[in-house]
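The values are calculated or read from the model by the stated rules, or taken from the named source; none is laboratory data. Values in this document were obtained by computation on a predicted structure and should not be read as measured data. Because the Cβ atoms are built from the backbone with ideal geometry, glycine has one as well, and the counts that use them run over all protein chains shown. Just the protein is used for accessible areas: all its heavy atoms, side chains included, with ligands, DNA and RNA removed. Shrake-Rupley method; radii C 1.70, N 1.55, O 1.52, S 1.80 Å.
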Amino acid sequence: MIEMGKLNELVVSKKESHGFTLSCENGDTAYLPTKYAPNELGVDDKITVFIYKDSDDNLIGTTETPKILLNQFAYLRVISTTRDGTYLDMGIEKDLFVPENRQSKNLYEDDLALTYLSLDDWKNKLIGSTKIAPFLDQENITVKPKEKVELLVFSVTDMGAKVIINNIHEGLLYENEIYQSVEIGDKLVGYIKKIREDNKIDVSLQVFGFKHVKGEVGGILDAIKANGGFLDLHDYSDPEEIKRRLNISKKTYKKGIGMLKKQEIIRIEKDGVYLIKKE
């Protein structure tokens with residue numbers, strides 16, 4: 001079955017004058033225009049294409065890279081606006097239409113809009129929506145604590161960064177646990193920290209436990225070497241200073257230098273840490 005809005009691996013079943021007919025196992029077909037086809041493409045070859053419908057309801061394949069896939073969220077730029085809706089750049093020749101009644105606010109040319117891609121049940125075509133709440137599910141949680149997840153930042157407040165988790169759930173990165181620059185539109189890898197009784201989800205950008213600390217040791221050592229073998233961060237250092245300079249918490253820093261001390265790579269003094277020079 002050929003699926004619109006997704007990447008499909010299809011077989012070239014026929015070469016046409018201006019393109020190729022592509023087929024799948026159940027007999028469904030789509031058309032690949034020559035301009036999207038590799039020069040060496042021939043009958044019986046397999047090719048991966050993104051599928052959409054043109055204005056005549058024909059299934060079209062393209063090798064252009066889409067910025068969004070079916071049932072996913074992405075930030076897309078506004079190309080133009082009309083009385084009935086807005087057209088967004090989805091990375092392929094075909095623009096994505098967002099009807100006026102699916103817009104959370106007025107959109108203007110060059111705006112970046114958080115968009116969800118779905119199928120229009122009535123016209124069976126790809127359609128966009130900037131009303132994101134209907135497509136987020138906080139009832140049926142599909143993730144578990146410590147699980148590695150994909151995050152999309154869609155709001156930054158004094159409390160932290162609101163994120164979309166795996167294109168399904170909403171979550172929160174607390175401001176005091178963010179040790180790097182985070183902006184709206186950023187795609188990040190995170191970890192589920194806690195699922196609350198009301199199904200609100202807390203997430204973290206750090207791996208939990210020993211694995212996280214072990215991963216940060218290299219960065220701490222690099223910082224010591226970059227400062228001539230001495231780093232003036234110690235027990236009395238301000239946690240915010242450690243966060244600003246190393247992008248880690250004070251707790252992680254102390255565990256990290258403890259590991260380096262055990263390996264006899266550094267020594268810890270009251271004024272900071274020193275690299276042990278080995279002959």
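THR48 passes all but one of (1) of a type outside the set (Asp, Glu); (2) open to solvent by 60 Å² or more (accessible area, probe 1.4 Å); (3) part of a loop (DSSP other than H, G, I, E, B); which number fails? Status for THR48: all satisfied but (3).
For segment 253-279, the tally of residues that are touching a helix residue (DSSP H, G or I) at 6+ places or on another chain (Cβ under 9 Å), free of Cβ contacts under 8 Å to residues at least 40 places away in the same chain, within 30 Å of SER181 (Cα to Cα) and not in a helix (DSSP H, G or I) stands at 1. For segment 58-72, the set of residues classified as in a strand (DSSP E or B) and out of contact with any Leu (no Cβ under 6 Å at 6 or more places or on another chain) consists of LEU59, ILE60, THR62, listed by residue number. Residues that are loosely packed, with under 15 Cβ neighbours inside 10 Å and at pLDDT below 95 do occur in segment 164-174. With respect to ILE79, determine if the residue is part of a strand (DSSP E or B), at pLDDT 95 or above and either among the acidic types (Asp, Glu) or within 29 Å of GLU16 (Cα to Cα) (or both). Taking the combined requirement at face value, the residue does not satisfy it. Residues in segment 179-219 that are modelled with pLDDT of 80 or more, among the β-branched types (Val, Ile, Thr) and either assigned to a strand (DSSP E or B) or under 18 Å from PRO239 (Cα atoms) (or both): VAL189, ILE192, ILE195, ILE201, VAL203. Counting the residues of segment 145-163 that are open to solvent by 50 Å² or more (accessible area, probe 1.4 Å), modelled with pLDDT under 95 and not aliphatic (A, V, I, L, M) gives 6. Taken over segment 62-83, the criterion of being charged (D, E, K, R) and either buried (at least 19 other Cβ atoms within 10 Å of the Cβ) or in contact with an Asp or Glu (Cβ under 6 Å, 6 or more places away or on another chain) (or both) is satisfied by ARG77 alone. Of all residues in segment 131-168, those being touching a Lys or Arg at 6+ places or on another chain (Cβ under 7 Å) and assigned to a loop (DSSP other than H, G, I, E, B) number 2.
Scan segment 241-252 and tell me whether some residue there is in contact (Cβ under 8 Å) with a residue 60 or more places away in the chain, farther than 14 Å from LEU221 by Cβ and surrounded by fewer than 19 Cβ atoms within 10 Å (Cβ to Cβ). Checked against the condition, which is being in contact (Cβ under 8 Å) with a residue 60 or more places away in the chain, farther than 14 Å from LEU221 by Cβ and surrounded by fewer than 19 Cβ atoms within 10 Å (Cβ to Cβ), segment 241-252 yields at least one hit.
With (1) open to solvent by 50 Å² or more (accessible area, probe 1.4 Å); (2) within 16 Å of LEU59 (Cβ to Cβ) as the list, and ALA37 as the residue in question, which single condition is left unmet? Evaluating ALA37 over (1) open to solvent by 50 Å² or more (accessible area, probe 1.4 Å); (2) within 16 Å of LEU59 (Cβ to Cβ) leaves (1) as the failure.
For segment 112-133, taking the residues that are at pLDDT below 95 and not hydrophobic (A, V, I, L, M, F, W, C), the one that is least open to solvent (accessible area, probe 1.4 Å) is identified as ASP120. If you go through segment 1-33 and keep only what is in a strand (DSSP E or B), closer than 15 Å to ILE60 by Cβ and small (Gly, Ala, Ser), you end up with GLY19, SER23, ALA30. Could you tell me which of the residues SER104, SER55 is touching a residue at least 24 places away in the same chain (Cβ under 8 Å), out of contact with any strand residue (DSSP E or B) (no Cβ under 8 Å at 6 or more places or on another chain), open to solvent by 40 Å² or more (accessible area, probe 1.4 Å) and in a loop (DSSP other than H, G, I, E, B)? Selected residue: SER104, the only one of SER104, SER55 that is touching a residue at least 24 places away in the same chain (Cβ under 8 Å), out of contact with any strand residue (DSSP E or B) (no Cβ under 8 Å at 6 or more places or on another chain), open to solvent by 40 Å² or more (accessible area, probe 1.4 Å) and in a loop (DSSP other than H, G, I, E, B).
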